[in-house]
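Structure first, commentary second.
The values are calculated or read from the model by the stated rules, or taken from the named source; none is laboratory data. What you see is a predicted model; the values in this text were computed from it and never measured. Cβ coordinates were reconstructed from backbone atoms using ideal geometry, including for glycine residues, and neighbour counts include every protein chain displayed.
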Amino acid sequence: MEMLNPHCGIDRDSRGVVRLAVSNAGSLNILSSAVTDGVREGFEKLATDRSVRVVILTGQSDKSMIGGADIKEMANLDQKSAEAFITRLRDLCEAIRRFPAPVIARLPGWCLGGGLEVAAACDVRIAAHDAKFGMPEVKVGIPSVIHAALLPRLIGFGRARWLVMTAENIDAPTALAWGLVDTVAAPGGLDDAVEHTVKALLECGPEALRIQKELCRGWEELSLTESVNRSVSEFGKSFLSGEPQRMMGGFLNRKR
């Protein structure tokens with residue numbers, strides 16, 4: 001594994017698939033300020049590399065991808081330092097949302113609080129059969145904030161309120177039924193499930209996927225009319241790469 005910094009390690013294969021591991025963050029891969037900055041810096045560095053086709057976000061430990069934010073650090077915050085702490089986590093989530101290529105969250109074990117906010121910022125969430133999810137912040141006297149705002153878009157306002165107001169956890173089958181995760185792997189099959197999605201993404205045009213991710217982000221933020229109208233120019237722009245001509249030509253030749 002190549003260490004981009006003490007808290008972000010990467011493995012890269014010949015297909016342009018990068019496995020990015022939250023590193024040196026304890027057995028549950030907890031987000032202290034230093035860890036948060038390190039992972040964000042890793043994403044920002046990779047964002048400039050157009051050979052990256054897919055990123056798999058994982059933890060160095062298989063107890064979780066990210067267990068949550070560092071309560072030991074948060075217990076000593078005041079108003080000013082609390083805003084600085086949560087701004088760091090916001091910036092990590094935004095680095096993932098704005099990363100040009102698809103990001104898959106590989107989710108074993110626990111995914112709580114800040115870890116679930118990071119997962120929500122990813123494009124695809126693939127959970128182990130025994131994964132657990134929750135937003136426990138109100139149990140320790142703080143609200144769920146920043147990218148918890150993505151939860152109503154994923155699971156609806158009622159279920160999002162239930163998660164952030166009761167602080168109760170849900171299991172992987174419930175998370176799948178709610179739409180919080182996209183796939184629940186068979187026991188022992190988490191990496192196989194991730195690889196299945198990786199292969200599906202690699203069959204798509206890399207430039208088309210970059211445009212599609214940007215459009216999806218716009219769909220979260222813009223009005224319907226703005227989303228529809230903006231997509232016209234993006235559709236036209238996609239033909240500048242030569243990718244549609246090449247891939248459609250290959251499709252038509254297979255049909256003959």
Only listed residue being surrounded by fewer than 21 Cβ atoms within 10 Å (Cβ to Cβ) and touching a strand residue (DSSP E or B) at 6+ places or on another chain (Cβ under 8 Å), chosen from 132, 80, 72: 132
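With the structure loaded, tell me whether residue 40 is of a type in the set (Lys, Arg), assigned by TED's automatic domain parsing to the domain that holds residue 136, more than 24 Å from residue 169 (Cβ to Cβ) and buried (at least 19 other Cβ atoms within 10 Å of the Cβ) or whether it fails that test. Outline the logic, then answer.
Working: of a type in the set (Lys, Arg): yes; assigned by TED's automatic domain parsing to the domain that holds residue 136: yes; more than 24 Å from residue 169 (Cβ to Cβ): yes; buried (at least 19 other Cβ atoms within 10 Å of the Cβ): yes.
Against the criterion (of a type in the set (Lys, Arg), assigned by TED's automatic domain parsing to the domain that holds residue 136, more than 24 Å from residue 169 (Cβ to Cβ) and buried (at least 19 other Cβ atoms within 10 Å of the Cβ)), residue 40 qualifies.
Taking the criterion of being basic (Lys, Arg) and under 14 Å from the mean Cα position of the chain (by Cα), would at least one residue in region 149-165 satisfy it?
Here is the first cut: in region 149-165, the ones basic (Lys, Arg) are 153, 159, 161.
Now narrow it down to the ones that are under 14 Å from the mean Cα position of the chain (by Cα): none.
The answer is no; no qualifying residue exists.
Considering only region 104-204, give the helices (runs of 4 or more DSSP H) lying wholly within it that have at least 3 residues that are more than 18 Å from residue 65 (Cβ to Cβ). Full working, then the answer.
On the way: elements: 114-121, 151-155, 157-166, 172-178, 190-202.
Result: 151-155, 157-166, 172-178, 190-202.
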Within region 204-220, residues under 18 Å from residue 120 (Cβ atoms) and either assigned by TED's automatic domain parsing to the domain that holds residue 48 or surrounded by 17 or more Cβ atoms within 10 Å (Cβ to Cβ) (or both) come out as 213
Cβ contacts < 8 Å: first residue assigned by TED's automatic domain parsing to the domain that holds residue 143 and in contact (Cβ under 8 Å) with a residue 24 or more places away in the chain, restricted to region 53-82; second residue assigned to a helix (DSSP H, G or I) and of a type in the set (Phe, Trp, Tyr), any location; separation 6+ or different chain. Result? 55/43; 69/85; 73/85; 74/85
Breaking point among (1) hydrophobic (A, V, I, L, M, F, W, C); (2) farther than 23 Å from residue 108 by Cα; (3) in the same structural domain as residue 110 (by TED's automatic domain parsing), for residue 181: (2)
Output the qualifying pairs, or none if there are none: Cβ atoms under 8 angstrom, residues six or more apart or on different chains, first residue in region 17-39 and at positive phi, second residue in a strand (DSSP E or B). 29/22; 29/59; 29/64
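Return yes or no: is residue 216 on the phi < 0 side of the Ramachandran plot and without any contact (Cβ under 8 Å) to a residue 60 or more places away in the chain? Explain how you work it out, then say what you get.
Working: on the phi < 0 side of the Ramachandran plot: yes; without any contact (Cβ under 8 Å) to a residue 60 or more places away in the chain: no.
No; evaluated as a whole, the condition is false for this residue.
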